[in-house]
Amino acid sequence: AGLSVPDGFVILSYTFDKFLEETDLNVEIDSILHEVKHEEIHTIENASEKIHSLILNAEIPEDIKSKINREFKNLDCKFVAVRSSATAEDGAENAWAGQLDSFLNTKEEDLLIKVQSCWASLFTPRAIFYRFEKGLHTTQISVAVVVQKMVNSEISGIVFSVHPVTEDRNQIIIEAGFGLGEAIVSGSITPDSYVVEKEPRKIIDINIATQTRGLYRVQNGGNEWLEIKEPRASSQVLSEGQILEF
């Protein structure tokens, strides 16, 4: 499609299933979920805490460890993004997007624990409640983990190829902010938004938001919020030329 996508690899959902089987956690997790009464929030929170502890304290099988470490070395980079993708994500009936965890600017020494944290995020209180609310608690749901070279972005954003509200297929919506895109995805900032008509290609609406802080890489890994001062805070994030490049 001609899009610039950072190199990476996917730890398949099969790997998570194998991890659960080889550590005998699948039976324990099923037993814990069986006790949940989703109308009673404390039972969800208790189940989440127990399952998180089981997954994070289990030892990843050596063959899985070595494959993950080998693929990381093949990327030949210092920092990666570690992202979760549930097998039931973004279907016609269900939307798991944004419910599981992602970790930006992850270094090699933290990679395996971040992978386990992505696996464990399939069982946050919110995700467990969603399973029961949607009647998915008896459905086999797994999670893949996407590991990609980290882009240390000064500007980041989201593009909707079809207008998500009006469903106009001739309109693109671009949202953009300063710093890492996690700030936008998490709802921590209000981004600029631009509406672009596809044919003929032209900008039909620009909404500029004031952004007083942005998420940026810490030198030794991880992220931090930094203040954005005026006049930059109130300035347009993408120029009209950059908008039309999409």
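I'd like the full set of residues that are open to solvent by 40 Å² or more (accessible area, probe 1.4 Å) and modelled with pLDDT under 90, limited to segment 114-134. Walk me through it before giving the result.
Of the residues in segment 114-134, the ones open to solvent by 40 Å² or more (accessible area, probe 1.4 Å) are 114, 125-126, 129, 133-134.
Residues satisfying the conditions are PRO125, ARG126, PHE129, GLU133, LYS134.
Of (1) closer than 27 Å to VAL80 by Cβ; (2) open to solvent by 40 Å² or more (accessible area, probe 1.4 Å); (3) among the hydrophobic types (A, V, I, L, M, F, W, C); (4) not in a strand (DSSP E or B), VAL165 satisfies all except one. Which?
Here VAL165 meets the rest and fails (1).
Is there a residue in segment 76-90 that is open to solvent by less than 40 Å² (accessible area, probe 1.4 Å), modelled with pLDDT of 95 or more, of a type outside the set (Asp, Glu) and assigned to a helix (DSSP H, G or I)?
For segment 76-90, residues open to solvent by less than 40 Å² (accessible area, probe 1.4 Å), modelled with pLDDT of 95 or more, of a type outside the set (Asp, Glu) and assigned to a helix (DSSP H, G or I): absent.
Going through segment 7-50 one residue at a time, which ones are of a type in the set (Ser, Thr, Tyr), over 23 Å from the mean Cα position of the chain (by Cα) and part of a helix (DSSP H, G or I)? Steps first, please.
First, pick out the residues of segment 7-50 that are of a type in the set (Ser, Thr, Tyr): 13-15, 23, 31, 43, 48.
Add one more test, that the residue is over 23 Å from the mean Cα position of the chain (by Cα), and what stays is 23, 31, 43.
Listed by number, the residues that qualify are SER31, THR43.
Which one of these does ALA183 not meet: (1) farther than 19 Å from ALA1 by Cβ; (2) at pLDDT below 95; (3) open to solvent by 20 Å² or more (accessible area, probe 1.4 Å)?
Answer for ALA183: the failing condition is (3).
Tell me which of these PRO200 doesn't satisfy, since it passes every other one: (1) over 20 Å from ARG83 (Cβ atoms); (2) touching a residue at least 12 places away in the same chain (Cβ under 8 Å).
All conditions are met except number (2).
Is there any pair linking a residue in segment 27-44 that is surrounded by 12 or more Cβ atoms within 10 Å (Cβ to Cβ) to one that is of a type in the set (Ser, Thr, Tyr), with Cβ under 8 Å and at least six apart or on different chains, and which?
Within 8 Å, the pairs are VAL36/THR43.
Name every residue in segment 99-113 that is buried (at least 21 other Cβ atoms within 10 Å of the Cβ), closer than 16 Å to ASN223 by Cα and either β-branched (Val, Ile, Thr) or free of Cβ contacts under 8 Å to residues at least 60 places away in the same chain (or both), in order of residue number.
Scanning segment 99-113 gives PHE103, THR106.
Which condition number does ILE173 fail, the rest of (1) at pLDDT below 95; (2) in contact with a His (Cβ under 7 Å, 6 or more places away or on another chain) being met?
(1) is the only condition that ILE173 fails.
Kindly indicate the residue of segment 226-243 that is in contact (Cβ under 8 Å) with a residue 40 or more places away in the chain and surrounded by fewer than 14 Cβ atoms within 10 Å (Cβ to Cβ) and also farthest from SER153 (Cα to Cα) among those meeting that condition. Write out each step before concluding.
Here is the first cut: in segment 226-243, the residues in contact (Cβ under 8 Å) with a residue 40 or more places away in the chain are 226, 228, 232, 236-238, 243.
Then keep just the ones that are surrounded by fewer than 14 Cβ atoms within 10 Å (Cβ to Cβ); that gives 226, 232.
Details: LEU226: 14, ARG232: 16 Å.
Among those that are in contact (Cβ under 8 Å) with a residue 40 or more places away in the chain and surrounded by fewer than 14 Cβ atoms within 10 Å (Cβ to Cβ), it is ARG232.
The values are calculated or read from the model by the stated rules, or taken from the named source; none is laboratory data. Treat the numbers as computed from the prediction; the structure is a model and nothing was measured. Note: ideal-geometry Cβ built from the backbone for every residue, glycine included; neighbour counts use all protein chains shown. Keep in mind that these areas ignore ligands, DNA and RNA; they rest on the heavy atoms of the full protein, side chains included. Shrake-Rupley method; radii C 1.70, N 1.55, O 1.52, S 1.80 Å.
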